[in-house]
Amino acid sequence: VFVTDVSGSMDGSRILAVQSALDSAREFISSDASVGMVEFSDVTRLRLPVEKFDLNQQARFAAATQDMSPIGGTAMYDGVVLGMSMLIEQRTRDPNGKFILVVLTDGETMDGLTFGDVDRAIEGARIPVYTVGFEADLDELARLSSLVEAASINANEGNVEFKMASLFNAGV
């Protein structure tokens, strides 16, 4: 599940970079995988339920990516909780699947839940949370990713599209 920041702080180059990274990731995700998407600002919104990444889901994913409009505050952990609940539900249907959450954000969380509200639940779920920071609070994102031994990517260092492709090509 992709959890994408569409808060006001993402306006301009940040949202364009997120859209580019998601477009690139789409090319490297197997059609056998299942993918979902959540957006967050000061509210969270389910954009795509977790479904097989067939041509229809790929088209919905591309449309959701292009439709992102930054506005409002930032409730990152609320988005993480929604994405995590989607994956936990998916895991009940496919207990042998491989599940990851990918958060794309600037890490400037100001609204909603806090790290302290969710850290134990994330650890308990044992689902890795990969973070991709766009001009981000990298310490906050690294703290989130480290809960279940995942990576935190700084989108400002090198080619984020290459890093996203590497994430999916590594069999994550």
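The values are calculated or read from the model by the stated rules, or taken from the named source; none is laboratory data. Keep in mind it's a predicted model, so treat the numbers as computed, not measured. Virtual Cβ from ideal backbone geometry, glycine too; neighbours counted across all protein chains shown. Just the protein is used for accessible areas: all its heavy atoms, side chains included, with ligands, DNA and RNA removed. Shrake-Rupley method; radii C 1.70, N 1.55, O 1.52, S 1.80 Å.
Per-residue answers, yes or no, for (1) assigned to a strand (DSSP E or B); (2) of a type outside the set (S, T, N, Q); (3) more than 16 Å from the chain's Cα centre (by Cα); (4) at pLDDT 95 or above:
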| position | (1), (2), (3), (4) |
| --- | --- |
| R26 | no, yes, no, no |
| S30 | no, no, yes, no |
| G36 | yes, yes, no, yes |
| E39 | yes, yes, no, yes |
| R45 | yes, yes, no, yes |
| L48 | yes, yes, no, yes |
| A59 | no, yes, yes, yes |
| A64 | no, yes, no, yes |
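When each of G107, G83 is tested for being without any contact (Cβ under 8 Å) to a residue 40 or more places away in the chain, buried (at least 19 other Cβ atoms within 10 Å of the Cβ), of a type outside the set (S, T, N, Q) and in contact with a strand residue (DSSP E or B) (Cβ under 7 Å, 6 or more places away or on another chain), the lone residue that passes is G107.
M68 passes every criterion in (1) assigned to a loop (DSSP other than H, G, I, E, B); (2) open to solvent by 30 Å² or more (accessible area, probe 1.4 Å) apart from (2). The C-beta contact set for region 9-33 (first residue open to solvent by 70 Å² or more (accessible area, probe 1.4 Å), second residue among the aliphatic types (A, V, I, L, M), distance under 6 angstrom, 6+ apart or interchain) comprises F28/A165.
May I ask you to list the residues in region 110-139 that are open to solvent by 50 Å² or more (accessible area, probe 1.4 Å) and within 29 Å of N96 (Cα to Cα)? Passing the criteria: D117, R120, A121, E123, G124, R126. Of the strands (runs of 3 or more DSSP E) lying entirely inside region 74-172, those containing at least 1 residues that are modelled with pLDDT of 90 or more are 101-105, 129-133.
Residues of region 86-99 that are touching a Phe, Trp or Tyr at 6+ places or on another chain (Cβ under 9 Å), buried (at least 17 other Cβ atoms within 10 Å of the Cβ) and among the hydrophobic types (A, V, I, L, M, F, W, C): L87 alone. Residue pairs whose Cβ atoms lie under 7 Å apart, sitting 6 or more positions apart in sequence or on different chains, and linking a residue in region 124-136 that is small (G, A, S) to a partner that is buried (at least 18 other Cβ atoms within 10 Å of the Cβ) and assigned to a helix (DSSP H, G or I), are A125/M84; G133/L141.
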